[in-house]
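Some notes on the structure that comes next.
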Amino acid sequence: MPYTNVHRMARISPQKVRLVVDQIRGKSYADALTTLELSKLRAAVLVKNALVAAYNNADQAEANTRSLKVSEARVDAGPTIKRFQPKDRGRAHPILKRTSHITVSVDEA
């Protein structure tokens, strides 16, 4: 049975988070945690928090935490916050602040 955690509305672009999520997909919990701790990317902190929360969900359900593996790791686009920047001659240029939904599942191998 997979133990899942979803971090919704993370204020970072899904494109940036997918670079990190692709590195941990399919790894064991310990290897994934080490990879995220050594990464310099800002998205690694958000993915690490979701991974640790999924691990805690498995621990609370009394699963065998020694054999946990990242079974699913995906990033979906959340709602986009729209802002406008004033430009010359009365024009306005849009600024799109993207958000992400980070889903991490761990399962016993």
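If you go through the stretch 79-92 and pick out every residue that is without any contact (Cβ under 8 Å) to a residue 24 or more places away in the chain and surrounded by 10 or more Cβ atoms within 10 Å (Cβ to Cβ), you end up with 5. Taking the stretch 9-21 as the range and being more than 9 Å from the chain's Cα centre (by Cα) and surrounded by fewer than 19 Cβ atoms within 10 Å (Cβ to Cβ) as the test, the residues that pass are M9, R11, S13, Q15, K16, L19. Screening the stretch 62-78 for residues that are within 14 Å of S28 (Cβ to Cβ) and out of contact with any strand residue (DSSP E or B) (no Cβ under 7 Å at 6 or more places or on another chain) and picking the one that is surrounded by the fewest Cβ atoms within 10 Å (Cβ to Cβ) gives R66. The single condition among (1) of a type in the set (S, T, N, Q); (2) more than 14 Å from Y3 (Cα to Cα); (3) touching a helix residue (DSSP H, G or I) at 6+ places or on another chain (Cβ under 8 Å) that T34 does not meet is (3).
Would you be able to tell me the number of residues in the stretch 79-109 that are closer than 28 Å to D31 by Cα and either in a strand (DSSP E or B) or modelled with pLDDT of 95 or more (or both)? Show your work before the answer.
Of all residues in the stretch 79-109, those closer than 28 Å to D31 by Cα come to 99-109.
Cutting the leftovers down to either in a strand (DSSP E or B) or modelled with pLDDT of 95 or more (or both) gives us 99-108.
The number of residues fulfilling the criteria is 10.
Could you tell me whether any residue of the stretch 41-64 is farther than 29 Å from M1 by Cα and modelled with pLDDT of 95 or more?
Filtering the stretch 41-64 for residues farther than 29 Å from M1 by Cα gives 41-42.
Checking which are modelled with pLDDT of 95 or more leaves us with 41-42.
Scanning the stretch 41-64, I find at least one residue that is farther than 29 Å from M1 by Cα and modelled with pLDDT of 95 or more, so the answer is yes.
When the residues of the stretch 65-78 are filtered to those that are farther than 11 Å from V104 by Cβ and either β-branched (V, I, T) or in a loop (DSSP other than H, G, I, E, B) (or both), the one that is modelled with the lowest pLDDT is T65.
Within the stretch 22-45, the set of residues being of a type in the set (G, A, S), without any contact (Cβ under 8 Å) to a residue 24 or more places away in the chain and either outside any helix (DSSP H, G or I) or farther than 14 Å from S67 by Cβ (or both) comprises S39 only.
The values are calculated or read from the model by the stated rules, or taken from the named source; none is laboratory data. Just so we're clear, the structure is a prediction, and the values are computed from it rather than from any experiment. All Cβ positions, even for glycine, are placed from backbone atoms using ideal geometry, and neighbour counts span all protein chains on display.
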